[in-house]
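The values are calculated or read from the model by the stated rules, or taken from the named source; none is laboratory data. This one's a predicted model, so the numbers in the text were calculated from it and none came from an experiment. Ideal geometry is used to build each Cβ from the backbone, glycine not excepted, and the neighbour counts take in all protein chains shown.
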Amino acid sequence: MTDNRIELPRPETITAAYGVAADPAFGAVAPPLYLSSTYEFAGFDEPRVYDYGRAGNPTRNLLADALAKLEGGAGAIITSSGMSALDLLVSRQRPDDLILAPHDCYGGTMRLLKARADRGHCSVRFVDQSDIAAYAAALEEFPALVLIETPSNPLMRVVDIAALATKARTVGAKIAVDNTFLSPAIQRPIALGADYVVHSTTKYLNGHSDVIGGAVVAADPAEVGELRQWANVVGSAGAPFDSWLTLRGMRTLFARMERQQINAMAIAHYLERHPVVAKVHYPGLSSHPGHAIASRQQRGFGAMLSFELAGGVSAVRQFIASVRFFTLAESLGGVESLVAHPATMTHADMGVEARAAAGISDSLLRLSVGLEAEQDLLAGLAEGLAACRD
C-alpha cells in the first residue's frame, strides 16, 4: 500500500523558507512588505480579505503563520511587544479569575500581574513551581491560568512543563509558557501540554536588537480566533515593518542559536571554575538542579546564563567597568553579547523583598551570549573578573 502522506517541513526549513517565492504579483523571492493601513473594498458591502490594518495585515499574518508552525500551534497573534502579548492573555481574565505565576518570574511580568490585580481585573498568586507541595496547594484555589517561565529570568530555574500542565488541567486551568529564553528552536511547550506560548519576539526570534514585538501562539483554533478578536478590540497588533524585520531575523534562528549555545556552554564552564565566582546558573551544567529536566524537555540549553560574584556589589562595579565584549544593557537574544545587573535593571521594580524571595541577589549578573568569537568572549570576561580581585 502506498503511503501518500505529505510530511510537514522541519522547523529549520520553516524558518529559512516560509513565505519565500510566494509573491503572486511579481514573483519576489523575499516576501513583500505591506505597509498600508487600509484596504479598498471590492464593492458595496464587499470587504476583501483585509480591510483595516489593526484587524489584519499580510506581512504580520505571514510572521504569525510561520511562528505557529514552529511552535506546533493552531495560530498566532503578533503584538506590539512581549508585555502586550502577555497582557493579551491576562486582560481577558475576569475579576474572580486567579492567575498562578512563578515567584521568580521576569520583573516586567510581575509588575504587570500586580498592576492588573491591584485594579481588580483578576487575582494573582506567586508560587515556587518547583515546590511540588506548594504548587499542589495553589492549584486547590482553582486558578484560571497558570503562567510558566522556564528557564526563569534571571536565575535560569527549570520546571517540568508536562508535569505542571498535567496537574493544572485537573482543576481546569489553562497553561501559558513564556518561551522567550529558548525559542521554538530549543523548546516547544505546546507539545508538552501548554495551551499558549508567549514570546517577546524582540529577543531570539528577531535576534538583532532592532525590533520591539511579541506573540501569543495558541494550541486551539477557537482560541486563536478569540485572541485575534481581542487583539483587534484592544489594539495591540504589531506593526507591519516590525513583523517583516522579525520574519527576516527568524531566517537565521537555528544557526544563531546553535553557535550562541556553544559560546554559552564554554562561558559557563569557565565561570564555574573561576575563584571570584560564587555560583553559576546555567541548565547546561550537570551541577544545575534542573539539568535533567532541561535535557529531557529541551533540544539544547540556550544562550542565557547568570552568575554571582563572591565580592558583592563592589565586585559587580569592578567587573562591569572592566569587562570587554559584553555591553551593559537590558534585553537579550541579539547577535551581540550583553551583561545586565538584574537588581538595578530588569528586576528593579520588583522591590527588595520580592527579589530576596526569588533569590535575586545584588551580586547577580545576567549574560546574553552572542555570536562573537568564543576566545574573545572568554578573554573579555577574564579582564572583568581579574578586576574583582584588585
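Would you please list the contacts, defined by Cβ atoms under 6 Å and residues six or more apart or on different chains, that run from a residue in region 63-85 that is closer than 16 Å to Tyr204 by Cα to a residue that is assigned to a loop (DSSP other than H, G, I, E, B) and of a type in the set (A, V, I, L, M)?
Every condition considered, the pairs that remain are Ser81/Ile212.
Give Gly312, Gly380 a once-over and let me know the one that is at pLDDT below 95, more than 17 Å from Gly108 (Cα to Cα), of a type in the set (Gly, Ala, Ser) and not assigned by TED's automatic domain parsing to the domain that holds Ala162.
Going through Gly312, Gly380 in turn, the sole match is Gly312.
Take the residues in region 351-380 that are part of a loop (DSSP other than H, G, I, E, B) and among the acidic types (Asp, Glu); name whichever of them is farthest from Val127 (Cα to Cα).
Glu372
Can you name every residue in region 363-390 that is surrounded by fewer than 22 Cβ atoms within 10 Å (Cβ to Cβ) and either within 21 Å of Pro102 (Cβ to Cβ) or β-branched (Val, Ile, Thr) (or both)?
None; the set is empty.
If we keep just the residues of region 203-245 that are among the hydroxyl-bearing types (Ser, Thr, Tyr) and touching a helix residue (DSSP H, G or I) at 6+ places or on another chain (Cβ under 6 Å), which is surrounded by the most Cβ atoms within 10 Å (Cβ to Cβ)?
Ser243
I need the full set of residues from region 54-73 which are more than 19 Å from Val211 (Cα to Cα) and in contact with a strand residue (DSSP E or B) (Cβ under 6 Å, 6 or more places away or on another chain), in order please.
Listed by number, the residues that qualify are Ala68, Glu71, Gly73.
Inspect region 328-341 for any residue being under 24 Å from Ser130 (Cα atoms) and at pLDDT 95 or above and give the result as yes or no.
No, region 328-341 has no match at all.
Restricting to region 252-293, give me the number of residues that are within 17 Å of Gly333 (Cα to Cα), among the basic types (Lys, Arg) and either surrounded by fewer than 20 Cβ atoms within 10 Å (Cβ to Cβ) or more than 21 Å from the chain's Cα centre (by Cα) (or both).
Residues in region 252-293 being within 17 Å of Gly333 (Cα to Cα), among the basic types (Lys, Arg) and either surrounded by fewer than 20 Cβ atoms within 10 Å (Cβ to Cβ) or more than 21 Å from the chain's Cα centre (by Cα) (or both): 1 in total.
For region 328-350, how many residues are of a type in the set (A, V, I, L, M), in contact with a Gly (Cβ under 7 Å, 6 or more places away or on another chain) and assigned to a loop (DSSP other than H, G, I, E, B)?
1
When you look at Ile148, is it among the aliphatic types (A, V, I, L, M) and surrounded by fewer than 23 Cβ atoms within 10 Å (Cβ to Cβ), yes or no?
So Ile148 fails the test.
Could you check how many residues of region 149-170 are in a loop (DSSP other than H, G, I, E, B) and out of contact with any Pro (no Cβ under 7 Å at 6 or more places or on another chain)?
6
Could you tell me which residue of region 119-139 is surrounded by the fewest Cβ atoms within 10 Å (Cβ to Cβ), considering only residues that are within 22 Å of the chain's Cα centre (by Cα) and of a type outside the set (Gly, Ala, Ser)?
Arg125
Considering region 114-133 alone, what residues qualify as being closer than 16 Å to Ala144 by Cβ, part of a loop (DSSP other than H, G, I, E, B) and in contact with a strand residue (DSSP E or B) (Cβ under 8 Å, 6 or more places away or on another chain)?
Cys122
Tell me whether region 349-361 contains one or more residues that are of a type in the set (Lys, Arg), crowded, with 16+ Cβ neighbours inside 10 Å and more than 15 Å from Leu182 (Cβ to Cβ).
Yes.
So if I check each of Ser361, Ser331, Ser337, which one is among the hydroxyl-bearing types (Ser, Thr, Tyr) and closer than 16 Å to Met265 by Cα?
Testing whether each residue is among the hydroxyl-bearing types (Ser, Thr, Tyr) and closer than 16 Å to Met265 by Cα leaves just Ser337.
Do we find that Phe301 is in contact (Cβ under 8 Å) with a residue 12 or more places away in the chain, in contact with a Pro (Cβ under 7 Å, 6 or more places away or on another chain) and among the aromatic types (Phe, Trp, Tyr) in this structure?
For Phe301, the condition - in contact (Cβ under 8 Å) with a residue 12 or more places away in the chain, in contact with a Pro (Cβ under 7 Å, 6 or more places away or on another chain) and among the aromatic types (Phe, Trp, Tyr) - is met.
Which residues, taken from region 76-97, are farther than 12 Å from Val198 by Cα and touching a helix residue (DSSP H, G or I) at 6+ places or on another chain (Cβ under 9 Å)?
Passing the criteria: Ser80, Ser91, Arg92, Gln93.
Name, by its number, the condition in (1) without any contact (Cβ under 8 Å) to a residue 40 or more places away in the chain; (2) touching a Lys or Arg at 6+ places or on another chain (Cβ under 9 Å); (3) small (Gly, Ala, Ser) that does not hold for Gly107.
Just one mismatch for Gly107, condition (1).
Can you work out which of the residues in region 174-224 that are over 9 Å from the mean Cα position of the chain (by Cα) and free of Cβ contacts under 8 Å to residues at least 40 places away in the same chain is nearest to Ala162 (Cα to Cα)?
Result: Gly193.
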